[in-house]
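The values are calculated or read from the model by the stated rules, or taken from the named source; none is laboratory data. Bear in mind that the values here come from a model prediction, so they are computed numbers and not experimental data. With ideal geometry, Cβ positions are generated from the backbone for all residues, glycine too; neighbour counts draw on all protein chains shown. Note: accessible area is taken over every heavy atom of the protein model, side chains too, but ligands, DNA and RNA are not part of it. Shrake-Rupley method; radii C 1.70, N 1.55, O 1.52, S 1.80 Å.
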Amino acid sequence: MYDDNNIFAKIIDGKMPCKKIYEDKDVLFFEDINPVSKVHILGIPKVKCVDFSEFVLKYDQNIVANFFQKVEVVIEKLGIKESGFRIISNSGADGGQEVPHFHIHILGGEKIGSKIR
Ligand code: 5GP
(Lines give C-alpha, C1' and ligand atoms only; values in the text may rest on other atoms or scores of the structure.)
Protein backbone atom coordinates (compact mmCIF):
# COMPACT_ATOMS: atom_id res chain seq x y z
CA MET A 1 0.00 0.00 0.00
CA TYR A 2 1.50 3.32 -1.11
CA ASP A 3 2.03 5.94 1.62
CA ASP A 4 1.11 9.36 0.17
CA ASN A 5 3.08 11.03 2.96
CA ASN A 6 6.44 9.41 2.21
CA ILE A 7 9.30 11.85 1.78
CA PHE A 8 9.75 11.32 -1.97
CA ALA A 9 6.02 11.94 -2.59
CA LYS A 10 6.49 15.26 -0.80
CA ILE A 11 9.54 16.05 -2.92
CA ILE A 12 7.59 15.29 -6.12
CA ASP A 13 4.77 17.57 -4.92
CA GLY A 14 7.23 20.35 -4.13
CA LYS A 15 6.36 20.24 -0.42
CA MET A 16 9.96 19.29 0.42
CA PRO A 17 13.03 20.83 -1.26
CA CYS A 18 15.68 18.88 -3.12
CA LYS A 19 18.68 19.60 -5.32
CA LYS A 20 17.36 18.68 -8.74
CA ILE A 21 19.60 17.21 -11.39
CA TYR A 22 16.92 16.46 -13.99
CA GLU A 23 13.14 16.67 -14.04
CA ASP A 24 10.37 16.24 -16.55
CA LYS A 25 6.69 15.39 -16.22
CA ASP A 26 7.42 11.69 -15.58
CA VAL A 27 10.67 11.50 -13.62
CA LEU A 28 12.81 13.35 -11.08
CA PHE A 29 16.51 12.94 -10.31
CA PHE A 30 18.03 14.72 -7.29
CA GLU A 31 20.98 14.61 -4.93
CA ASP A 32 20.85 12.23 -1.99
CA ILE A 33 20.77 14.18 1.28
CA ASN A 34 23.34 11.82 2.79
CA PRO A 35 25.72 10.94 -0.06
CA VAL A 36 28.00 7.92 0.22
CA SER A 37 30.08 8.84 -2.84
CA LYS A 38 31.12 12.01 -4.70
CA VAL A 39 28.16 11.53 -7.00
CA HIS A 40 25.08 10.11 -5.30
CA ILE A 41 21.85 10.75 -7.14
CA LEU A 42 18.39 9.36 -6.52
CA GLY A 43 16.04 8.74 -9.42
CA ILE A 44 12.28 8.34 -9.05
CA PRO A 45 9.33 7.96 -11.38
CA LYS A 46 6.37 10.24 -10.61
CA VAL A 47 3.93 7.37 -10.18
CA LYS A 48 2.72 5.92 -6.91
CA CYS A 49 4.78 2.76 -6.54
CA VAL A 50 6.43 1.32 -3.47
CA ASP A 51 9.27 -0.69 -4.92
CA PHE A 52 10.97 -2.12 -8.01
CA SER A 53 8.56 -5.03 -8.46
CA GLU A 54 5.47 -2.85 -8.23
CA PHE A 55 6.92 -0.36 -10.71
CA VAL A 56 7.83 -3.01 -13.28
CA LEU A 57 4.66 -5.11 -12.90
CA LYS A 58 1.96 -2.48 -12.37
CA TYR A 59 2.88 0.23 -14.82
CA ASP A 60 2.78 0.42 -18.59
CA GLN A 61 6.02 -0.72 -20.17
CA ASN A 62 6.42 2.67 -21.87
CA ILE A 63 6.55 4.30 -18.42
CA VAL A 64 9.09 1.75 -17.21
CA ALA A 65 11.26 2.04 -20.33
CA ASN A 66 11.10 5.83 -20.23
CA PHE A 67 12.33 5.86 -16.64
CA PHE A 68 15.38 3.74 -17.40
CA GLN A 69 16.11 5.74 -20.56
CA LYS A 70 16.12 8.88 -18.40
CA VAL A 71 18.64 7.18 -16.10
CA GLU A 72 20.91 7.00 -19.14
CA VAL A 73 20.30 10.71 -19.88
CA VAL A 74 21.25 11.61 -16.31
CA ILE A 75 24.39 9.46 -16.35
CA GLU A 76 25.53 11.35 -19.45
CA LYS A 77 24.59 14.68 -17.87
CA LEU A 78 26.60 13.84 -14.75
CA GLY A 79 29.66 13.02 -16.87
CA ILE A 80 30.17 9.60 -15.29
CA LYS A 81 29.43 7.43 -18.30
CA GLU A 82 33.09 6.83 -19.14
CA SER A 83 34.46 6.66 -15.58
CA GLY A 84 31.75 4.24 -14.47
CA PHE A 85 28.96 4.12 -11.94
CA ARG A 86 26.78 1.82 -9.86
CA ILE A 87 22.98 1.64 -9.94
CA ILE A 88 21.21 0.20 -6.91
CA SER A 89 17.57 -0.25 -5.96
CA ASN A 90 16.92 -1.42 -2.42
CA SER A 91 13.69 -3.31 -1.93
CA GLY A 92 11.94 -4.46 1.21
CA ALA A 93 13.36 -5.35 4.59
CA ASP A 94 16.30 -7.47 3.44
CA GLY A 95 17.18 -4.90 0.79
CA GLY A 96 17.26 -2.20 3.45
CA GLN A 97 14.75 0.08 1.73
CA GLU A 98 14.01 3.12 3.91
CA VAL A 99 11.80 5.28 1.71
CA PRO A 100 8.70 3.44 0.37
CA HIS A 101 8.63 5.05 -3.07
CA PHE A 102 10.53 3.13 -5.77
CA HIS A 103 13.90 4.74 -6.41
CA ILE A 104 17.32 4.01 -7.76
CA HIS A 105 20.64 5.20 -6.41
CA ILE A 106 23.29 6.27 -8.93
CA LEU A 107 26.75 6.19 -7.33
CA GLY A 108 29.88 7.44 -9.07
CA GLY A 109 32.54 10.12 -9.26
CA GLU A 110 35.06 7.84 -7.53
CA LYS A 111 35.76 4.13 -7.12
CA ILE A 112 32.68 2.77 -5.38
CA GLY A 113 34.32 -0.35 -4.00
CA SER A 114 32.15 -2.11 -1.45
CA LYS A 115 29.68 0.74 -0.93
CA ILE A 116 26.29 -0.82 -1.32
CA ARG A 117 23.96 1.98 -0.19
P1 5GP B 1 16.82 3.56 0.58
O2 5GP B 1 17.53 3.05 1.79
O3 5GP B 1 15.32 3.68 0.78
O4 5GP B 1 17.19 2.84 -0.68
O5 5GP B 1 17.40 5.01 0.36
C6 5GP B 1 16.77 6.18 0.73
C7 5GP B 1 17.74 7.31 0.47
O8 5GP B 1 17.02 8.53 0.57
C9 5GP B 1 18.89 7.40 1.46
O10 5GP B 1 20.13 7.30 0.76
C11 5GP B 1 18.72 8.76 2.14
O12 5GP B 1 19.93 9.41 2.37
C13 5GP B 1 17.86 9.51 1.15
N14 5GP B 1 16.97 10.49 1.73
C15 5GP B 1 16.17 10.32 2.83
N16 5GP B 1 15.48 11.45 3.07
C17 5GP B 1 15.84 12.33 2.11
C18 5GP B 1 15.46 13.69 1.85
O19 5GP B 1 14.64 14.30 2.52
N20 5GP B 1 16.04 14.28 0.77
C21 5GP B 1 16.95 13.65 -0.02
N22 5GP B 1 17.46 14.32 -1.05
N23 5GP B 1 17.34 12.37 0.21
C24 5GP B 1 16.78 11.73 1.27
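Taking K and R as +1 and D and E as -1, what net charge do the other residues with C-beta under 10 Å from the C-beta of Glu23 add up to?
Neighbour charge sum, excluding Glu23 itself: +2.
Less than 28 Å apart at the alpha-carbon level, and either on another chain or at least 8 residues along: which lysines does that give for Lys46?
Lys10, Lys15, Lys19, Lys20, Lys25, Lys38, Lys58, Lys70, Lys77, Lys81, Lys115
Let me have the 222 nm mean residue ellipticity of the chain computed from DSSP H runs of 4+ only, each contributing -39500 (n - 2.57), with the sum over all residues rounded to the nearest 500. Spell out each step's value before the answer.
Numbers: 4 runs with 35 residues, N = 117.
Mean residue ellipticity, 222 nm, calculated: -8500 deg cm²/dmol.
Could you give the C-alpha radius of gyration of the range 55-102 expressed as a fraction of 2.2 N^0.38 Å, taking N as the number of residues it contains?
Expressed relative to 2.2 N^0.38 Å, the Cα Rg reads 1.37.
Mind giving me the FRET efficiency for Gln69 and Glu31? R0 is 22 Å, r the Cβ-Cβ distance, nearest 0.05 is fine.
With R0 = 22 Å, the Cβ-Cβ based efficiency is 0.60.
Find out how many positive minus negative residues lie around Lys58, taking Lys and Arg as positive, Asp and Glu as negative, among other residues whose Cβ is under 13 Å from that of Lys58.
Around Lys58, the surrounding residues sum to -2.
What is the percent carbon and sulfur in the accessible area of the range 16-117, measuring with a 1.4 Å probe over the protein chains and ignoring ligands?
Carbon plus sulfur share of accessible area: 54 percent.
Output the peptides 55-67, 36-48 sorted from most to least packed, where packing is the average of other Cβ atoms within 10 Å over each peptide's residues.
Numbers: 55-67: 13.9, 36-48: 19.3.
In descending order of packing, they fall as 36-48, 55-67.
Determine the equivalent ellipsoid of the range 28-117 by diagonalising the alpha-carbon gyration tensor, then write out the semi-axes as square roots of 5 times the eigenvalues, largest first, rounded to whole Å.
22, 16, 10
Roughly how many whole Å is it from the C-alpha centroid of the range 9-23 to that of the range 37-103?
15 Å
Give the angle, between 0 and 90 degrees and rounded to the nearest 10, that separates the Cα long axis of helix 61-78 from the longest principal axis of the Cα atoms of the chain.
Once rounded, one gets 30 degrees.
Compute the accessible area per residue over the chain, keeping the other protein chains in place, probe 1.4 Å, unit Å².
Working: 6900 Å² over 117 residues.
In whole numbers, the chain has 59 Å² accessible per residue.
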